[in-house]
Amino acid sequence: MDETSDLTQQRIRKLESLRREGIDPYPNDFKVTHASKDLHEAYGSLSDEELKSVGETFCLAGRIMAIRNFGKASFIQVQDRKGRIQAYLQKDIIGESAFQFFKTFDIGDFIGLEGKIFRTKTHELTLQVQSFRLLVKTLRPLPEKWHGLTDVEARYRQRYLDLIVNPRVKEIFLTRIKVIQKIRDFFTQRDFIEVETPMLHPIPGGATAKPFKTRHNALDMELYMRIAPELFLKRLVIGGFERVFEINRCFRNEGVSTQHNPEFTMLEFYQSYATYEEMMKMTEELLCSMVKEIHAGLCLTYQGKELDFTPPWKRISFKESLLEYGRVDHSVLKEPSKAIELAEKLGLELKKGTSHARVLADLFKEKVEPLLLQPTYITHYPTEVSPLSRRNGKDPEVVDRFELFIAGREIANGFSELNDPIDQRERLIQQLKEREDEADLSLTLDEDFLRAIEFGMPPTAGEGIGIDRWVMLLTDAPSIREVILFPLLRMEK
RNA sequence: GAGCCGUUAGCUCAAUCGGUAGAGCAACUGACUCUUAAUCAGUAGGUUGCAGGUUCGAUUCCUGCACGGCUCACCA
């Protein structure tokens, strides 16, 4: 058992002996003047001679990641929030008793250092320690210094360890944070307002995923964790916030995979007096700005595949894509029976109903989606599978909608919003009818949403972008769990 | 939900046909004042995920369970 492991017992004994000697193993009064990176940036390029004239004393603190002991001197690697720096402790300088005290330190302990900067014979910028303090005595040993922590389960369950010993992991999450910051800046600059809408929905809507059910005790009320913020953001548009965005969590009670986590982060934004075509343009600008910043160019490699983000991105209609990528016969687009025939030939299970549009959507998923490696907009989906999108002016059977695919995955979904309240009501009812057989009590008509639209929604376009999947592309992560700090796992035994 | 694979020391990994469970790092003792996966000598560390079964004998073969990974299914 961990609690009785020898290594931990040893350290508890060390801790007790420190206390007996009157040393506080967890002080909080050490003051830091510099971070490791500050020193690397300020002095990394100076010559050995120039460094000698730097008289300044620096106070740093961090976790000891490596110790290389000699008889009367020690090198240590100290890690702080910005990186690592080497420090050098010499018995002659810090004194006999201090040096003996240092010998009791373990890898993983936090240390506070005060000293001057110099360069070793092997040209490494190093802190010549004049004095030091124990800041935290740790009780458990860190994973191995060379291989680090590779066990995937341990990495996810004990993400703190993963972050301590695997620098790449820290980098991924810093990139994720940068992405979110960048999105905020992008929309704020364009006069959008960031809002927060409810996570607890009386009626789940805005998508057709299965929701998590929960319950409010005092109100004696069934609630659902939101599957999408869409219907609330539109209420805000109706209320006069003509440009809004939200970056927040959505919850879907579905299977877990390398592409799906039950809770994930979605960006949604709505702009009045814009159309789906302007959304496509804005999406190119937004995503390209991030690719440029993180990859110093418009190309990146994802899982061995070269992706080129140079705009404009290919746009092709849903039906055209079935012909061009799916290589289906024209008759499949025209005759439902032919579509069903093809789907059956491919071994697709047509559970969702066998209407022409649904079958085509299944064929698309099977035959087209995996081929869309380079950024590609698929436009004009069938109206039937897009209950919240505005009908196309020339062909009411399709909608002014697009989905963005990159590396064979859906990254974004946007459309000109349906603001005809009568059509909206009919299409939501139609959607409910199709799902009736699934006997899901959560599927109810959101009458307040329909009432809101009856008060008039300005012509608006909106879009949602899955942030996790986008960060996966930017960081070359093979699984969504690599870009979520604490992915959902079963309970540990 | 199904299939396949995995689970051995704190960490990373070995263990031939079923025959006493090993190494590196970390730890402990000692040597060493410019190392950087420091080096050298020595010591200690295990309910082989859990529960059964087969066998003289199981890390190894079989069954069930738990947890994880991948693929598929479900699903925006």
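Bear in mind these aren't lab numbers, they're just calculated from the coordinates by the rules spelled out. Just so you know, these numbers come straight off a predicted model, no measurement behind them. Backbone-built Cβ (ideal geometry, glycine too); neighbour counts: all protein chains shown.
Kindly express, to the nearest 10 degrees and within the range 0 to 90, the angle between helix A:356-367's C-alpha long axis and the longest C-alpha principal axis of chain A.
30
Within a 10 angstrom radius of the beta carbon, how do A:470, A:146 rank from fewest other beta carbons to most?
So the residues, fewest neighbours to most, are A:146, A:470.
Can you give me the C-alpha center-to-center distance between region A:84-120 and region A:337-381, rounded to a whole angstrom?
Distance between centres, Cα-based: 65 Å.
Using a ≥ b ≥ c from the Cα gyration tensor of region A:120-167 (square roots of the eigenvalues), is it rounded, prolate or oblate, where a/c under 1.5 gives rounded and otherwise the larger of a/b and b/c decides, a/b for prolate?
Taking the square roots of the gyration eigenvalues as a ≥ b ≥ c, region A:120-167 is oblate.
Let me check against my output: what whole-number percent is the relative contact order of region A:2-142, with C-alpha pairs under 8 Å and at least 6 apart? Working shown, then result.
Numbers: 249 pairs, mean separation 38.7, N = 141.
Across region A:2-142, relative contact order equals 27 percent.
Treat each spin label as a single point 7 Å out from the Cα along the C-beta direction, and report the residue A:209 to residue A:160 distance in nm.
Output for this residue pair reads 2.9 nm.
Ignoring everything except DSSP H segments at least 4 long, calculate the 222 nm mean residue ellipticity for chain A; use -39,500 (n - 2.57) per segment, divide by total residues, nearest 500.
-10000 deg cm²/dmol
Rg(Cα) of chain A divided by 2.2 N^0.38 Å?
Against the empirical 2.2 N^0.38 Å value, I get 1.25 for chain A.
Taking the Cβ of each residue in A:254, A:434, A:153 as the centre, tally the other Cβ atoms inside 10 Å and list the residues starting with the fewest.
Arranged by neighbour count, lowest to highest, A:254, A:434, A:153 become A:153, A:254, A:434.
Compute the Cα gyration tensor for region A:349-429, then decide on rounded, prolate or oblate, letting a ≥ b ≥ c be the square roots of its eigenvalues: rounded whenever a/c is under 1.5, prolate when a/b is larger than b/c in the other cases, and oblate in all that remain.
Oblate is the answer for region A:349-429, as a/c is 1.5 or above yet b/c matches or exceeds a/b.
What does the net charge come to around residue A:472 if you take all other residues with beta carbon closer than 9 Å to its beta carbon, with K and R at +1 and D and E at -1? Write down the numbers at each step before the final one.
Values: positive: A:409, A:469; negative: A:468, A:476, A:482.
Once positives and negatives cancel, what remains is -1.
Among DSSP beta bridges whose residues both lie in chain A, state the antiparallel percentage, nearest 5.
Within chain A, antiparallel bridges account for around 90 percent of the total.
What is the fewest-to-most order of A:454, A:349 by other Cβ atoms lying within 10 Å of their Cβ? Each step should come with its number before you reach the end.
Values: A:454 13, A:349 8.
Ordered from fewest to most neighbouring Cβ atoms within 10 Å, A:454, A:349 come out as A:349, A:454.
For region A:131-217, what does the alpha-carbon gyration tensor say about shape, rounded, prolate or oblate, given a ≥ b ≥ c as the root eigenvalues, a/c under 1.5 as rounded, and a/b over b/c as prolate? Could the numbers behind the result be given before it?
Working: a/c = 2.46, a/b = 1.69, b/c = 1.46.
Note, shape of region A:131-217 comes out prolate.
Between helix A:6-20 and chain A, what is the angle of the helix's C-alpha long axis to the longest principal axis, kept within 0 to 90° and rounded to the nearest 10?
50
Treating only the Cβ atoms of Lys and Arg (+1) and Asp and Glu (-1) as charged, compute the dipole magnitude of region A:86-170 about its Cα centre; round to the nearest 20 debye.
Charge dipole of region A:86-170: 180 debye, to the nearest 20.
Using every Cα-Cα pair within region A:2-142, state what percent have a distance larger than 18 Å.
Counting every Cα pair in region A:2-142, those more than 18 Å apart make up 56 percent.
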